[in-house]
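The values are calculated or read from the model by the stated rules, or taken from the named source; none is laboratory data. Source: prediction; values computed, not measured. Positions of Cβ are generated from backbone atoms using ideal geometry, with glycine treated the same way; all protein chains shown enter the neighbour counts.
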Amino acid sequence: MKLAKRTLALVLAVVLAMSIGQTALADEPTESTIIVFTVGNTTYYVNGVSGSLAVAPFIQGNRFRIPVREFGEALGANVRVDSATSNFILQREERMVNIAPNDSASGSLMRDGHMVVATDFLELASRVLGFNATVDWNAGTNTVTITATPMPRVGIIQVNENVELGEVSPEIRAMWEALRAESLAEMTAGLDDVVFVAPGTLDELFGWTPEMANELMLGLEGFGFLDPNEIGDIVQIVTGGNITITTPTPAQVATTGQKTTIILTIGSTAYTVNGVGFQADSAPFLADGRTMIPLRIVSEALGAEVDWNGATQSVTISSSHSAPFSLTIGVALPNDMGVAIMQGGRTFVPLRYVAEMLNAEIGWNGATQTITIIGGN
């Protein structure tokens, strides 16, 4: 892409404004909000302060139903009704929950023109609005207590290190670098944590087009409001009261140009890739003095492709960081490194084998039973 100096400067200024505008975050509450509802009673409490409900909570179909308007307003959301669809919309800054009347997923029902929803739906709705919430039912007093704690601000930012500026002077390039640094500082200001992802990650998740990415010449995209317990969750709200959460893959959270760090724990299905938490369906284990780890999880997190041949019970690994290699279940691995085995429908191989074949570094902490693998990129 070739632009005249004046045009490039104008584009950069506009792009900087766009980038900063996309991530402007308002101040967040830091204390928990406690909301208490009682069956058949129009009095409710928010942090000990009483209020009056338009419709009393009730139980129907073994689900506790409460008015959605008062719930949303207690969490600082704007609550409105879409005149075209009659859906109730809870919006807090850029976060939105869209609930259709008489929807089974949310348990929504209409009572005298007011919408009520099931409390089991509220944990999901709270998360979308930026809270981790717990819902506790007291059968003795017929009350339900919702405790909503604001999520820390965690951002995910896509970085493209290969932005094509075309033929520009050193002065223009220096200006670009300064604007990029300033934009990145603005994007991360006020966040408690930041996850950097490779180019294409957010494009794929949000449907952003390459043309749009090219227009944003600073090579930076991002947003906040992510759950720190599941960093990388991309939350999308769809009508009908349903909430769909799409989680980037371990390979997508790897940072371009940097090593990827994978941490696994013996006997645990929880693992992290560059600090991002994931859940496997099988846990690493010890067998015959060897540490056995899930081949696909580790290989793909390090940027390799895994091809399984069910007919031959063999696996082929292809990576830009090492020569391709294959192994077969039950067949001895080279250099007396044991054998690959199948457990729980997953291929497990000795840790040392993966490290050598994928040119990765490994670490072992006997006290915590954790495995650290560093490689890729």
| query | Do we have residue 133 as crowded, with 16+ Cβ neighbours inside 10 Å, within 30 Å of residue 62 (Cα to Cα) and at pLDDT 70 or above here? | reply | yes
| request: For residues that are among the small types (Gly, Ala, Ser) and within 35 Å of the chain's Cα centre (by Cα), scanning just segment 46-63, find the one that is surrounded by the fewest Cβ atoms within 10 Å (Cβ to Cβ). | output: 48
| message | Take the residues in segment 64-87 that are in contact (Cβ under 8 Å) with a residue 60 or more places away in the chain and assigned to a loop (DSSP other than H, G, I, E, B); name whichever of them is surrounded by the fewest Cβ atoms within 10 Å (Cβ to Cβ). | response | 85
| If you scan segment 339-351, which residues turn out to be under 13 Å from residue 287 (Cα atoms) and not aliphatic (A, V, I, L, M)? | 343, 348, 350
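Among the candidates 283, 270, which residue alone is over 15 Å from residue 346 (Cβ atoms) and out of contact with any Lys or Arg (no Cβ under 8 Å at 6 or more places or on another chain)?
270
Need at least 3 residues that are more than 16 Å from residue 353 (Cα to Cα) per element, so show me which strands (runs of 3 or more DSSP E) inside segment 262-307 make the cut, counting only ones lying wholly within it.
Filter on segment 262-307 gives 270-273, 276-279.
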| Could you list, in sequence order, the residues of segment 309-325 that are part of a strand (DSSP E or B) and either surrounded by 13 or more Cβ atoms within 10 Å (Cβ to Cβ) or of a type in the set (A, V, I, L, M) (or both)? | 314, 315, 316, 317, 318, 319, 322, 323, 325
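If I ask for residues that are in a loop (DSSP other than H, G, I, E, B) and of a type outside the set (Ser, Thr, Tyr), which ones from segment 344-375 would you list?
344, 345, 358, 359, 360, 366, 367, 369
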| Of 148, 118, 100, which residue is touching a Phe, Trp or Tyr at 6+ places or on another chain (Cβ under 6 Å), at pLDDT 70 or above and within 29 Å of residue 43 (Cβ to Cβ)? | 148
